[in-house]
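What follows draws every value from the coordinates through simple rules; no lab data is involved. Treat the numbers as computed from the prediction; the structure is a model and nothing was measured. Glycine also receives a Cβ, built like all others from the backbone with ideal geometry; neighbour counts cover every protein chain displayed.
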Amino acid sequence: MSDKPWAITRRKLFWGAGILGLAGVTFGARLAFSREEDFVITMTRNALPGAVIAPGAIEQFAQDYVAELDADRHANLKRLVQLASLVSSDGVDWLLQNVEKYSNFRRTTVTQFLLRSSFFPTDEGKTEPVEYYGKGPFACANNPFAVFA
Amino acid sequence: MAVSAPSEIGGTHWDVVIIGSGFGSMFFLKNYLPRHPDQKVLLLEWGNWHTRQWQVENQKNSEIDPKSTFVNQGEKAWNFNIGAGGGTNCWQGMALRMHPNDFRLKSLYGVGADWPISYDDIAEYYDRAEAILGVAGPKDMGRIFPGAGGYTQEAHHLSSAERILKAARPDTFFAAPSAKLSKGINGRGQCCNNATCSLCPTGAKFYAVENLEDVWNAPNLTICYGARVRRIEEQGSTARAVIFESEGKDLRVTGDLFVLGANGIHSSFILLQSGILDGKPGSYLGEKMLVFTEIMLDGHDHFDGGTATTGCETTFIDGEHRAKFGASMFWTESSFLWGGLRLDPPHRFRQVFPVGIVVEDLLYAENAVTDDGGDYPVIKHSGFSKYAMDGLDHALGKMPEIFGSLPVEKIEMRRILPTTDHIQGSLRMGTDPETSVIDAKHLHHRIRNLVVVGTSVFPTTSWAVPSLTCAAMSLKLGAEI
């Protein structure tokens, strides 16, 4: 055994490379199996604590929403998914909560779920579970609060 | 509508040749065509005819991506629409007049430039433009803009928060005039506050392709789509012909009067490529700034207004401050599509009040559309100036005072938008042929049968959306030339 505890030995190199490799494989595997839809699901659920949402409602929304994202927002979502591979979707949601660009993405995304579902008509899921209405276009239902002249 | 293929019109002669079909051209034709029924008028449009329904279904205004038509070497973005109706398709419908002092910036405040026309010169055409556009607005708008307020449509419903503002600031806060109907009429729908105004689902917003049928169908107008104008030929001091490109071929038409009404980037590029360099075409390109802010409300729900942009606060649109920094105006929004509903803390979804701040900028000669010999214009622009940035700082600093009657929890500045979609300058009107391209009558200083219309002729940006003023100026020109 070396009398210098921090000296680099072949054994340490072997273990270091192994750990790095394992981390890389783990990261790669998580990235490979990460789905953009899953990130949207987690982000949306976290934003609506206490809401009773029908099974599959957010999942179907996420699938539709990701499919219709424009190129710029899709690229942003991919970057978020990459980050989530390292720190989990919950971790991203927590880490970036005060970052304007993420905050805007989160608010505008969750808002789409709120508008495309029975969230408001059911008083945030209090009267019955929130159902997803389905994919747009909702030509004139973007603002359910509007009052007209 | 008389439509001719490019190959059919090559080599023909016309009394009037119009280039582009946006606000400038269409409102010019609105008055010009009935006055000259015996003249043959040709309209050359680079893009194609797309109905509003086509635009909504395809979620775009044109098949031509504007970014593909210029090279941007500058610090800011630009946006416009190429196609029948031009900017009348993609605009948001906001229809405030300019302030009388906007036309006298240099003489009053020592900055920018004076316009060679005044508010009074176009006042009656503001009235007519508002009627044609179907502007919904408040009756008390004349407190700020002389003669305004005679709108044919009732103002859109203000949200409860905006009603608080109106009660607190009756002389400066108003329902925002907009060319989006508050009541449907003649098959044109009512605004549904969808906030996707560039792709209006009901037709409430004014679209030239839908609402200027009399112009498109005028018996003496022929329209040619897919015709990209490349050059104007002159001989002596007279414009003789237009060279346009279609499907890889150059075609030529001759005419007696030429009306250049493409956007500020492409109109100036046409003159640059034509070698018509009087008054430095391309220079003084710019636009005002648009900034997205949000007021977080404490216990008050918002978004119960009747259209996307419901109110306007006008305290700082004019004043001595313009000697130092840009005028500003606050749009209050009843739409949450910019920033989304509020998520934090939970269950306070509607307790947010979006505010758009527009800030005037100055136009500088070095910010320009240039010709590097290629097929497309090259834009060199250094971004918003200190004049605009200081104007923004001033406006942000005044928000607690302006919005103090609301239950304000906090005010958050979100972002400066990359463009307001309003290209201004590049072919400015003025009295000095050295620094301007056209005179007060829109005539080129030297080539007297060449007219320029559109927002490219604006000598300053002001703080106002330019579309209504552009329409009024073109109506006047069409009534007089």
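Per-structure values
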{"quantity": "Base-10 log of normalised Debye intensity for region B:98-173 (one unit scatterer per alpha-carbon) at q = 0.27 Å⁻¹", "calculated": "-1.17"}
{"quantity": "Alpha-carbon Debye profile of chain B, log10 I(q)/I(0) at 0.13 Å⁻¹", "calculated": "-1.20"}
{"quantity": "Rounded if a/c under 1.5, otherwise prolate or oblate - region B:174-295, Cα gyration tensor axes", "calculated": "oblate"}
{"quantity": "Over 21 Å [Cα-Cα, region B:132-202], rounded percent", "calculated": "30"}
{"quantity": "Within region B:350-389, backbone nitrogen closer than 14 Å to the virtual label 7 Å beyond the Cα of B:S160 toward Cβ", "calculated": "B:350-352"}
{"quantity": "Cleavage-rule hits (trypsin sites (Lys or Arg not before Pro)) in region B:113-187: DSSP loop, at most 16 neighbouring Cβ within 10 angstrom", "calculated": "B:K183"}
{"quantity": "Region B:80-215: mean projected area of Cα convex hull, nm²", "calculated": "10.0"}
{"quantity": "Rounded tilt (10° steps) of B:23-35 against the dominant C-alpha axis of chain B", "calculated": "60"}
{"quantity": "Fewest-first sequence of B:H99, B:H444 by Cβ atoms within 10 Å of each Cβ", "calculated": "B:H99, B:H444"}
{"quantity": "Entries of B:K249/B:K380; A:K78/A:K135; A:K78/B:K410 with Cα pairs more than 24 Å apart", "calculated": "B:K249/B:K380; A:K78/B:K410"}
{"quantity": "All-pairs Cα distance distribution in region B:233-372, expressed in whole percent, bin size 5 Å", "calculated": "2, 8, 12, 12, 10, 9, 10, 8, 10, 8, 5, 3, 2, 0, 0"}
{"quantity": "Partners for B:K280 among aspartates and glutamates (Cα-Cα distance below 18 Å; same-chain residues under 8 apart left out)", "calculated": "B:D114, B:E233, B:E234, B:E366, B:D371, B:D372, B:D432, B:E434, B:D439"}
{"quantity": "Helix B:467-480 axis, angle to chain B major axis (alpha carbon atoms, nearest 10°)", "calculated": "40"}
{"quantity": "Per DSSP, loop trypsin sites (Lys or Arg not before Pro) in region B:2-106 with at most 16 further Cβ within 10 Å", "calculated": "B:K40"}
{"quantity": "Flagged links, alpha-carbon separation over 25 Å, of A:K126/B:K180; B:K139/B:K183; B:K106/B:K288; B:K40/B:K476", "calculated": "A:K126/B:K180"}
{"quantity": "Euclidean distance between Cα centres, region B:47-68 to region A:91-149, Å", "calculated": "28"}
{"quantity": "Cut-off 18 Å, label 7 Å out along Cα→Cβ of B:K410, residues of region B:299-325 by amide N", "calculated": "B:299-300"}
{"quantity": "Residue-averaged [θ]222 nm for chain B, counting only DSSP H segments that reach four residues, each worth -39500 (n - 2.57)", "calculated": "-6500 deg cm²/dmol"}
{"quantity": "Neighbouring partner chain Cβ atoms per residue of B:122-131, average, 10 Å criterion", "calculated": "0"}
{"quantity": "Kirkwood hydrodynamic radius of the protein assembly as shown, from inverse mean 1/r over distinct Cα pairs, in Å", "calculated": "26.3"}
{"quantity": "Packing rank of B:473-481, B:144-152, where each peptide gets the mean count of other beta carbons within 10 Å, highest leading", "calculated": "B:473-481, B:144-152"}
{"quantity": "Exposure proxy order (Cβ contacts within 10 Å, fewest to most) of B:S107, B:S467, A:S34, B:S21", "calculated": "B:S107, A:S34, B:S467, B:S21"}
{"quantity": "Quotient of C-alpha Rg and 2.2 N^0.38 Å, computed over region B:325-453", "calculated": "1.47"}
{"quantity": "10 Å Cβ neighbours from other chains, averaged over peptide B:185-197", "calculated": "3"}
{"quantity": "Ranked by how many other beta carbons lie within 10 Å on average, peptides B:111-117, B:185-191 from highest", "calculated": "B:111-117, B:185-191"}
{"quantity": "Gained length - B:D171 relative to B:D38, 0.36 nm times residue gap less alpha-carbon distance", "calculated": "43.0 nm"}
{"quantity": "Shielding of A:107-119 by partner chains, average beta-carbon count, 10 Å", "calculated": "3"}
{"quantity": "Distribution of pairwise C-alpha distances over region B:1-145, 10 Å bins, in %", "calculated": "9, 26, 33, 25, 6, 0"}
{"quantity": "Across chain B: Cys residues that no other cysteine approaches within a C-beta distance under 4.7 Å", "calculated": "B:C90, B:C191, B:C197, B:C200, B:C224, B:C312, B:C470"}
